[in-house]
Amino acid sequence: MENRFTTLPKLAQRRWVLALGVGLAAVLALAIFASAPVTPAAAQDDIPPLAPLPPVSAPSDNSVTPEKVELGRLLFFDPRMSGDGSMSCNSCHPAATGWGVQTAISFGGPGTSHWRNAQTLLNVAYYSKLNWDGGKKSIEQQNGGAWGGAVAGNLDKALAEERLAQIPEYVERFRDLFGSQYPLWDDALRAVATYQRTLVSQNAPLDAYLEGDESAISDAAKRGLELFNDKAGCINCHNGPLVSDDRYYALGVPQNPDFLDSPLKQITFRYEFAAKGVPEEVYRTASEDYGFYFVTKQAEDIGKFRTPSLRDICYTGPYMHDGVFQTLEEVVTFYNAGGGDNPNKDPRIVPLGLSEEEQADLLAMLESLCGDQVTDESPELPPYGEFVFPDEEK
Ligand code: HEC
Ligand code: HEC
């Protein structure tokens, strides 16, 4: 761990003006924290409260229709949308188990491993950017990497279009929906993204409570909600209908030891970030996942990750970007101890002093965010047809 942040000083030097600004802000924040015995939450008033999710909105060039959802659903489960035909989106985001593979760190496409936890796909429609580091700007863009990238589908675009063209039912469905003679890659992305816009949490007891049904959650969950909103300060980042502010913070989540032990994870990790244009001195020496830094290349973003939604959290473990916590109890223990170690750690991640009973109440509140589990089953996939010359088509 010695050289953990060896690159930090060099990078920071170049950005001394910014560093000065951050320093001043830190002094200011310290002054505020020192001046009164504030709880982490009490310092801010403009935090959007927890609330039921609004209807999903879709991009103007990709409206949600039932036919597009159905095509996207078929594509989501179709292993022919990977280079060697062995895996579909459902392999790493299984519809039956919370839409995220339940190992701490996801596997990768053949010959690779991932190095991060595969998040749930529930409620992805509500984030402004995708992935733990916000590296992708839309679901469509994210999915292009998922099918095409070397770490997941490893599927060549032209090969994908040809495979789809040989499946008569797909040809027909694409033609009806998008008007092209043969299926196109970008339209496949539109369809599979549309399917994901339907994956929305349903009927959380907490929503019923927030809408006035006093009996919807237990007394423990009610006490937990108070803690969440005040003493424990969770609302600072996990707020609004999504229970996420869609921003990036360092908590000092410990690196999953599996990451360093596995040559395949090391290869994939360093390859991915080399491919993303991270300076060689950084990607060769980094000993842990730098998160948001890989997108911004700013030293102050090392170790930051996107605040995840806590909706349906009971179904989506293991937790954190590297799946290092198996249970919600471990997560609450981590926060109660003031998080972990990181130079960019958010100043609100401090020891909380929650008693055993208060921690149990907080857990009851988290459970009240879990509604009817949204699942799906693998549909019957349309088979390849016999080759037909275009001029023979009826
Ligand atoms: C080999 C495993 C694997 C496959 C196959 C795969 N994914 Fe993922 N997916 C992951 C991992 C791991 C992440 C987390 C990546 C990150 O944050 O950097 C992820 C992240 C995502 C996200 C971002 C979620 C969020 O909250 O920001 C979406 C959306 C997604 N995947 C959709 C898909 C779709 C759709 C497919 C099929 C086209 C697919 N994935 C195929 C492993 C996989
Ligand atoms: C400063 C912002 C911030 C505060 C305050 C905060 N969180 Fe988080 N939370 C995050 C971020 C960022 C992550 C992801 C960190 C990572 O993966 O490294 C996270 C992850 C989680 C996860 C794991 C979710 C998943 O899908 O893996 C849970 C559960 C959680 N937080 C609960 C809480 C609770 C309970 C509190 C209050 C005690 C709290 N958080 C306070 C920002 C915050």
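The values are calculated or read from the model by the stated rules, or taken from the named source; none is laboratory data. Computed from a predicted structure; not experimentally measured. In this analysis, Cβ positions are derived from the backbone assuming ideal geometry, glycine residues included, and neighbour counts consider all displayed protein chains.
General observations
- For the range 255-268, the tally of residues that are touching a residue at least 60 places away in the same chain (Cβ under 8 Å), over 18 Å from the mean Cα position of the chain (by Cα) and either within 16 Å of ligand 2 (Cβ to nearest atom) or farther than 21 Å from GLY111 by Cα (or both) stands at 2.
- Of the residues ALA208, ALA204, the single one that is more than 15 Å from ligand 2 (Cβ to nearest atom) and not β-branched (Val, Ile, Thr) is ALA208.
- Any hit, the range 157-164, residues being surrounded by fewer than 20 Cβ atoms within 10 Å (Cβ to Cβ), more than 9 Å from ligand 1 (Cβ to nearest atom) and not in a helix (DSSP H, G or I): no
- Of the set (1) farther than 25 Å from GLY240 by Cα; (2) within 20 Å of the chain's Cα centre (by Cα); (3) within 16 Å of ligand 1 (Cβ to nearest atom), all apply to GLN326 but (3).
- For the range 335-345, the set of residues classified as more than 15 Å from PHE228 (Cα to Cα) and either near ligand 2 (Cβ under 10 Å from one of its atoms) or not assigned by TED's automatic domain parsing to the domain that holds ALA299 (or both) consists of GLY339, GLY340, ASN342, LYS345, listed by residue number.
- The lone exception for GLU358 - which of (1) in a loop (DSSP other than H, G, I, E, B); (2) touching a residue at least 24 places away in the same chain (Cβ under 8 Å) it fails: (1)
- Those residues of the range 291-306 which are part of a loop (DSSP other than H, G, I, E, B), surrounded by fewer than 22 Cβ atoms within 10 Å (Cβ to Cβ) and either within 13 Å of ligand 1 (Cβ to nearest atom) or at negative phi (or both), in sequence order: GLN298
- Candidate set from the range 109-134 (those that are assigned to a helix (DSSP H, G or I) and not aromatic (Phe, Trp, Tyr)); member that is nearest to ligand 2 (Cβ to nearest atom): VAL124
- Qualifying residue in the range 135-145 (condition: within 16 Å of ligand 2 (Cβ to nearest atom) and out of contact with any Ser or Thr (no Cβ under 9 Å at 6 or more places or on another chain)): yes
- Candidates TYR170, TYR127 - the one that is in contact with a helix residue (DSSP H, G or I) (Cβ under 9 Å, 6 or more places away or on another chain), aromatic (Phe, Trp, Tyr) and more than 9 Å from ligand 1 (Cβ to nearest atom): TYR170
- Note on the range 184-229: residues that are in a helix (DSSP H, G or I) and among the small types (Gly, Ala, Ser) total 9.
- Residue within the range 83-95 that is within 14 Å of ASP322 (Cα to Cα), within 13 Å of the chain's Cα centre (by Cα) and of a type outside the set (A, V, I, L, M, F, W, C) present: no
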